[in-house]
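Notes to accompany the following structure.
The values are calculated or read from the model by the stated rules, or taken from the named source; none is laboratory data. Just so you know, these numbers come straight off a predicted model, no measurement behind them. Cβ placement follows ideal geometry from the backbone for every residue including glycine, while neighbour counts extend to all protein chains displayed. Protein only, heavy atoms only, side chains kept; ligands, DNA and RNA dropped before computing areas. Shrake-Rupley method; radii C 1.70, N 1.55, O 1.52, S 1.80 Å.
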Amino acid sequence: MPSFDEVLKEAGEFGRFQKRVFFLLSQTGITFSSLFASVVFLGRAPGNFWCRIPGAAELSERCGWTLEEERNFTVLPLLLGNESAAGQCERLDVTWDASASCSSPLGRYSNGSAPLAPCRGHWVYEQPRASIVGEYDLVCGNAWMLDLSQAILNLGFLAGAFILGYAADRYGRILIYLLSCLGVGICGIIVAFSPNFTVFLIFRFLQGMFGKGTWMTCYVIVTEIVGSDQRMVGIVIQIFFTLGIIILPGIAYLIPTWQGIQLAISLPNFLFLLYYWVVPESPRWLLTRKKGEKALKIMRSIAKHNGKFLSPHYSEITISNEEVSNPSFLDLVRTPQMRRNTLILMYAWFTSALIYQGLVMRLGITGGNLYLDFFISGAVELPSAFLIIVTMDRIGRRLPFAMGNFVASVACLITAFLPEDIPWLKTTVATLGRLSITIAFEVVYLVNSELYPTTLRNFGVSLCSSLCDLGGIIAPFLLFRLAAIWLELPLVIFSILAAVCGLLVLLLPETKGMSLPETVEDVEQLPSHFGKCGKKQKHRDTNSYI
């Protein structure tokens, strides 16, 4: 009986079939990255807003004031009498009634001499539908709730990593992928028309959970249907993630309301349901579930589409005798090599996400044109994927992984201590740090999928990547709290975290040219991180040196 890798070579390791599936599933990266970064535009500043004096709405209607005239009567006297007030979080402690004058409603308090009172839910926005800030009054004392909305999304990612990662290993990759696409679309619509902030948070959490299911599952499917020499397609998928980052500011610029932006990034997920007819189940997964006939049927279909021909004598494909019906965290740490790989990968995911999101949000602190700055921040990520593609097939995975972290560490540290009077140099070095941590972030996806057996791959990738979501939850709080102490303190912390990560990933085995491990035993037999006596070793299932 031939092994799966032998049959895959005969059917074509990256023929027309795999290229079609790869292109279709890669579109998921565009929608997922848009969801991932959408808070930047969903929660953008709503423009001018001010606190409305009680009774102002009725008086404004009676007097026929425009919003600008009401603002002049409300805010300008406040500014005259209280230089520290901005008219947004405080108001004059007065109440207007039917006897108030249309020409001088404040009377003797027109010079702003009235005492101040905090604003409690009576804000007026020039563009109330431009963002969720104006929609749900996420200003002043409620401003922290905007950060909460992003934390809730990352909690959804975290839940999706565990729940849907487990489900994909038990019930199948493509089934969970399609259900996740449906969930993202439905929850996205409900988010857009949420009647209150509580409903918004609930369904944003669910959208994050299903979104993580689409992203991780599509990545695993692509990795499992190509040969060992073509697994770099996992890096190319990251290019589509970056394309989503680049496209998002264009969508936000053309669509003036946050509901429109939300629908634009959610509705395309319904189109992915059409993949039911063109993307099959992973044959590797079918074999681990003892469904060899279905796997062989799919392999014959792959061979036909690739212009190849499988031997008619094949009646069964061997892959492993190991079956994990209910994968758990203990399966990932029970044996020495699996335990080492799991702990290092979890830290690498956490560090990469924390630094990546921290550097992105740091751009927002510096001000400037939101759309242009966001576009540029996405565009600088494109070279990272090409650098990985050029280098990893030549020098392997481990060295670029480590170097990405080391360069990011040095760049963050230098940026922190560069003087403010040379902003171009500070920006250039910070951009180098962003490019380097992006390389590390993209490599961890590939290495994670290569270091787990088929029976645990989706669960292992999903669980380890859940630390990415934890990093995303912590990033805004770490950035803003430490920046309040010293603006560049977060960069120093990022530098230390990246340096430690660079050292740890050097302990991982090199996976360049190796067949994907099918069992835990295969993982335990991977060569040690430096080999023995400095000699090159090769995996028992391949002739490729590492």
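Have a look at LEU273, LEU263 and point out the one that is under 24 Å from the mean Cα position of the chain (by Cα) and open to solvent by 50 Å² or more (accessible area, probe 1.4 Å). Before the answer, list the steps.
Working: LEU263 fails: open to solvent by 50 Å² or more (accessible area, probe 1.4 Å).
Going through LEU273, LEU263 in turn, just one is under 24 Å from the mean Cα position of the chain (by Cα) and open to solvent by 50 Å² or more (accessible area, probe 1.4 Å): LEU273.
Might you check whether a residue that is open to solvent by 40 Å² or more (accessible area, probe 1.4 Å) and under 27 Å from LYS212 (Cβ atoms) occurs anywhere in region 32-52? Scanning region 32-52, I find at least one residue that is open to solvent by 40 Å² or more (accessible area, probe 1.4 Å) and under 27 Å from LYS212 (Cβ atoms), so the answer is yes. The residue that is nearest to ARG284 (Cα to Cα), counting only those in region 503-526 that are in contact with a Pro (Cβ under 8 Å, 6 or more places away or on another chain) and open to solvent by 10 Å² or more (accessible area, probe 1.4 Å), is GLU518.
Checking the stated criteria, VAL133 turns out not to satisfy the condition of being surrounded by fewer than 24 Cβ atoms within 10 Å (Cβ to Cβ) and not charged (D, E, K, R).
If you go through region 372-393 and pick out every residue that is aliphatic (A, V, I, L, M) and either over 23 Å from PRO249 (Cα atoms) or open to solvent by 80 Å² or more (accessible area, probe 1.4 Å) (or both), you end up with 7. Do we find a residue being under 30 Å from ARG170 (Cβ atoms) and either open to solvent by 60 Å² or more (accessible area, probe 1.4 Å) or in contact (Cβ under 8 Å) with a residue 60 or more places away in the chain (or both) anywhere in region 409-420? The answer is no, given that none of the residues of region 409-420 is under 30 Å from ARG170 (Cβ atoms) and either open to solvent by 60 Å² or more (accessible area, probe 1.4 Å) or in contact (Cβ under 8 Å) with a residue 60 or more places away in the chain (or both). What about VAL94, is it touching a strand residue (DSSP E or B) at 6+ places or on another chain (Cβ under 9 Å), open to solvent by less than 60 Å² (accessible area, probe 1.4 Å), in a helix (DSSP H, G or I) and modelled with pLDDT of 70 or more? Judged against the criteria, VAL94 is not a match.
Filter region 483-519 for residues that are part of a helix (DSSP H, G or I) and modelled with pLDDT under 75; which is nearest to the chain's Cα centre (by Cα)?
Within region 483-519, the match that is nearest to the chain's Cα centre (by Cα) is ALA483.
Of all the criteria given as (1) over 20 Å from the mean Cα position of the chain (by Cα); (2) assigned to a helix (DSSP H, G or I); (3) modelled with pLDDT of 80 or more, the one not satisfied by VAL447 is (1). Being open to solvent by 10 Å² or more (accessible area, probe 1.4 Å) and within 21 Å of TYR166 (Cα to Cα) is a description that applies to PHE210. Counting only helices (runs of 4 or more DSSP H) that sit completely within region 1-51, those holding 3 or more residues that are of a type in the set (Asp, Glu) correspond to 4-11.
The residues on offer are VAL199, VAL191, VAL220, and the sole one that is of a type in the set (Val, Ile, Thr), at pLDDT 85 or above and open to solvent by less than 10 Å² (accessible area, probe 1.4 Å) is VAL191. Every listed requirement among (1) surrounded by fewer than 24 Cβ atoms within 10 Å (Cβ to Cβ); (2) within 13 Å of GLY358 (Cβ to Cβ); (3) of a type in the set (Gly, Ala, Ser) is met by ALA499 save one, (2).
Hey, any hits in region 102-124 for a residue that's modelled with pLDDT under 80, basic (Lys, Arg), within 30 Å of ASN154 (Cα to Cα) and loosely packed, with under 13 Cβ neighbours inside 10 Å? So far as region 102-124 goes, yes, one or more of its residues are modelled with pLDDT under 80, basic (Lys, Arg), within 30 Å of ASN154 (Cα to Cα) and loosely packed, with under 13 Cβ neighbours inside 10 Å.
So which of ARG71, ARG62 is surrounded by fewer than 21 Cβ atoms within 10 Å (Cβ to Cβ), assigned to a helix (DSSP H, G or I) and in contact with a strand residue (DSSP E or B) (Cβ under 8 Å, 6 or more places away or on another chain)?
Numbers: ARG62 fails: in contact with a strand residue (DSSP E or B) (Cβ under 8 Å, 6 or more places away or on another chain).
Answer to the check: ARG71.
Within region 146-168, restricting attention to residues that are farther than 20 Å from ALA353 by Cα and surrounded by fewer than 19 Cβ atoms within 10 Å (Cβ to Cβ), the residue that is modelled with the highest pLDDT is ILE163. For region 132-144, the criterion of a residue being assigned to a helix (DSSP H, G or I), within 23 Å of ASN269 (Cβ to Cβ) and within 22 Å of the chain's Cα centre (by Cα) is satisfied by at least one position. Scanning region 157-192 for residues that are within 16 Å of LEU42 (Cα to Cα) and not in a helix (DSSP H, G or I) turns up nothing. Summed over region 169-184, the residues that are touching a Pro at 6+ places or on another chain (Cβ under 8 Å) and surrounded by fewer than 21 Cβ atoms within 10 Å (Cβ to Cβ) give a count of 2.
For beta carbons closer than 7 Å, sequence separation of 6+ or different chains, a first residue in region 193-214 that is free of Cβ contacts under 8 Å to residues at least 40 places away in the same chain and in a helix (DSSP H, G or I) and a second that is of a type outside the set (Asp, Glu) and open to solvent by 20 Å² or more (accessible area, probe 1.4 Å), the qualifying pairs are PHE203/ILE190.
Within region 323-346, residues that are of a type in the set (Val, Ile, Thr) sit with their Cβ atoms under 6 Å from residues that are open to solvent by 20 Å² or more (accessible area, probe 1.4 Å) and at pLDDT 85 or above, at 6+ positions apart or across chains, in these pairs: VAL333/ARG339; ILE344/LEU504.
In this structure, ALA143 does not qualify as in contact with a strand residue (DSSP E or B) (Cβ under 8 Å, 6 or more places away or on another chain), open to solvent by less than 60 Å² (accessible area, probe 1.4 Å) and aliphatic (A, V, I, L, M).
Each row is one residue, and each column tells you yes or no for (1) among the aromatic types (Phe, Trp, Tyr); (2) free of Cβ contacts under 8 Å to residues at least 24 places away in the same chain.
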position	(1), (2)
GLY141	no, no
LEU148	no, no
TYR171	yes, yes
TYR177	yes, no
VAL184	no, no
CYS218	no, no
ILE221	no, no
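What's the total number of residues in region 18-31 that are open to solvent by 10 Å² or more (accessible area, probe 1.4 Å) and either under 18 Å from ASN306 (Cα atoms) or over 16 Å from the mean Cα position of the chain (by Cα) (or both)?
Residues flagged as open to solvent by 10 Å² or more (accessible area, probe 1.4 Å) and either under 18 Å from ASN306 (Cα atoms) or over 16 Å from the mean Cα position of the chain (by Cα) (or both) within region 18-31 amount to 5.
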